[in-house]
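Structure, as structure tokens:
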Amino acid sequence: MTTRKISDILAEILVAQGKLYQAEIPMLVAASAKSGIPLGRILVTTQRLSELELLSALTAAKIVLNGQISIIRAAVILAYSFKTQLPFQLLWQRDDLQTTNSVVLLLITSGLLDPSEVLKLANISTPHQMIGGKDLFNAGLITLCEWQEALELVLQIKRRELSVRQALFEDNEQSITDDSPAVTNLNPERQRLGYLLLQAGLVNVNELLSALECGLDSDELLGQVLVHRNRITASQLRIALRIQTGIQSRIISHAQFNDWLTNLNLANLHYSLNQVA
């Protein structure tokens, strides 16, 4: 098993953050190995990072290495650190940031959410659980559209299609309203499994968004989260995955699609009858 080094995690966080490009890493690692100068010090020397930013980024990398935080959460808190010039360690210890998941962190960092409201919600309703978009939505602090857009941005950061810096810029530039459809913006091509389950009526939008953002911090796949939460059965998941594979490989035609959705619902009915019996 390959042991991750602090420099590897540092590079990964800075790519997610938007301070580095993935293509630059081999060149920087080679330069570090040749000169004997640590990667972080090279970034300061070349004015890619300030001393304070390097210290915060190294602290974030160490916490990730210890398994206390995910890369995504580290990258978003680091964005907040760079924005406020507050040390990462100070921010990481704040209750309002510790008790939130990556989607909520992005909303806080973008300025769309007041941290004090999140902290108040954490203390009142779920003192021993991590606050997610579902809690904020149910409390009326964000709209379904805001939750949905923040989730899609975090998913794009995780897939490395977007950096945190880009996500925050785009989030602040666009006007977020509650007028757009609550399903189609989840990008059915990329979130095909969730989209299929949604069309089959096995999950609602709230459950799907909640499961997706839960998987961001736990690194569980969407299907695993939904089965563990008893939202769908293992049988339904297997059928949905066959549909997903069939669509991607063009084995299942549009005409056959409704038949597969019927199979999903029949699996749900069979499960329900067994439960009653």
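Please treat every number below as a calculation from the coordinates, not as lab data. What you see is a predicted model; the values in this text were computed from it and never measured. Here Cβ is always computed from backbone atoms with ideal geometry, including for glycine, and neighbour counts include all displayed protein chains.
Some points to look at:
- Under 13 Å, Cβ to Cβ, from residue 7 - net charge with Lys/Arg +1 and Asp/Glu -1: +2
- Long-range amide H partners of residue 100 with built H, under 5 Å: 131
- Label-reachable residues, segment 45-67, where backbone N falls under 12 Å from a point 7 Å from residue 31's Cα toward its Cβ: 45-49
- Links that overshoot a 24 Å alpha carbon limit, given the list 62/158; 5/134; 19/62; 19/134; 5/158: 5/134; 19/134
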